[in-house]
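Asker: Before we start, here is the structure in question, set down as structure tokens.
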Amino acid sequence: SSSSSSRKPTIDEAAAEKIFADIADDDDPTVAGMEGICTLCEEQLGIDPLEDIRVLVLLWKLGSKEKPAQITKDEWMSGCQKMQVDSVAKLKDLLPSLDTGFLDQTEFKDFYKFCFQFNRQGTHRTLDKEMVVALMKMVLQGRISTDRLDTFCTFVETQTSYTRITLDQWTSFLDFCYECEDLSTYDESNSAWPVLIDEYVEYMEEQPKQKK
């Protein structure tokens, strides 16, 4: 019809559905969990689902958000329509464009928040710090200074008072990196940052090798 001419060309929905059916959970065909996602990555796309950041970018762009560690059939279908993919070959062609370097600051902040939410387990609202450190190293590499990333990860690993990290702490760290490149300008008395950030700055002040 004439009204459809202004819309994006449609995809082969049956083909997109077939890809999803192949990775869907055995007991719930409307959901693909990590097992199916890993199968798609390893066997079809040839990428490592645990090491390659593009897996998370793909799931974010497809629109996975209803629950952590999965994508629903509805999310998959609307995502495929939005990204105009209906074959493994087209998904493979997308891979180079899924590098986080292509995301502007606003997009990256949204993606960074998604990374936390997607990796939550069950009803947990927080992530354990080992997962946080591994994720940060994967997601923030090249996005913030290596020194800031390494020292913050070391700080989190060595703090006994923190075993789990909240979404607020997670997102605040990225904002803090954007807003406070030089720690010597940090004013704790006027800080609106979570205590975790204050404590990180204190930790850095105690490191003799960091002092200018």
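Every read-out reported here was derived from the displayed coordinates using simple, explicitly stated rules and does not represent laboratory data. Nothing here was measured: the structure is a model prediction, and the numbers come from that model. Quick reminder, even Gly has a Cβ in these numbers, built from the backbone with ideal geometry, and neighbours come from all protein chains shown.
Asker: In the chain, once you exclude exposed GluC sites (Glu not before Pro) (DSSP loop, at most 16 other Cβ within 10 angstrom), what's the longest stretch remaining?
Answerer: 67-180
Asker: Output the 0 to 90 degree angle, nearest 10, between the alpha-carbon long axis of helix 167-179 and the longest principal axis computed from the alpha carbons of the chain.
Answerer: 70
Asker: Let's see if you can work this out: charge +1 on each Lys and Arg Cβ, -1 on each Asp and Glu Cβ, no other charges. What is the dipole magnitude of segment 118-182 about its Cα centre, in debye to the nearest 20?
Answerer: With Lys and Arg at +1 and Asp and Glu at -1, about 380 debye.
Asker: A further question follows. At most 11 other Cβ atoms within 10 Å and a DSSP loop assignment: could you name the trypsin sites (Lys or Arg not before Pro) in segment 1-106 that fit?
Answerer: Here the sparse-neighbourhood loop sites are ARG7.
Asker: Are any of the pairs LYS18/LYS137; LYS18/LYS61; LYS18/LYS129; LYS67/LYS129 more than 30 Å apart by Cα-Cα distance, and if so, which?
Answerer: From the list (LYS18/LYS137; LYS18/LYS61; LYS18/LYS129; LYS67/LYS129), the Cα-Cα distance tops 30 Å for LYS18/LYS137; LYS18/LYS129.
Asker: Got a sec? Charge dipole of the chain, +1 on Cβ for Lys and Arg, -1 for Asp and Glu; which of THR160, GLN207, TRP76 is way out at the positive end?
Answerer: After comparing all options, I get TRP76.
Asker: How far is helix 13-23 tilted off the main Cα axis of the chain, in degrees rounded to 10, range 0 to 90?
Answerer: 60
Asker: Which whole-Hz couplings ³J(HN,Hα) result when phi for each residue of segment 108-120 is put into the Karplus expression 6.51 cos²θ - 1.76 cosθ + 1.60, θ = phi - 60°, listed in order with x for Gly and Pro?
Answerer: Each residue of segment 108-120 in turn: 5, 4, 5, 5, 4, 5, 4, 4, 5, 4, 5, 8, 5 Hz.
Asker: Kindly give Rg over Rh for segment 48-192, based on alpha-carbon atoms, with the Kirkwood expression for the hydrodynamic radius.
Answerer: Here Rg/Rh amounts to 1.00.
Asker: So how far apart, in nm, are the two label points at SER161 and TYR178 if each is 7 Å from Cα heading toward Cβ?
Answerer: 2.7
Asker: Still on this structure, please answer the following. If r is the Cβ-Cβ distance from ALA15 to PHE102 and R0 is 30 Å, what FRET efficiency results, to the nearest 0.05?
Answerer: Working: r = 26 Å, r/R0 = 0.87.
That gives a FRET efficiency of 0.70.
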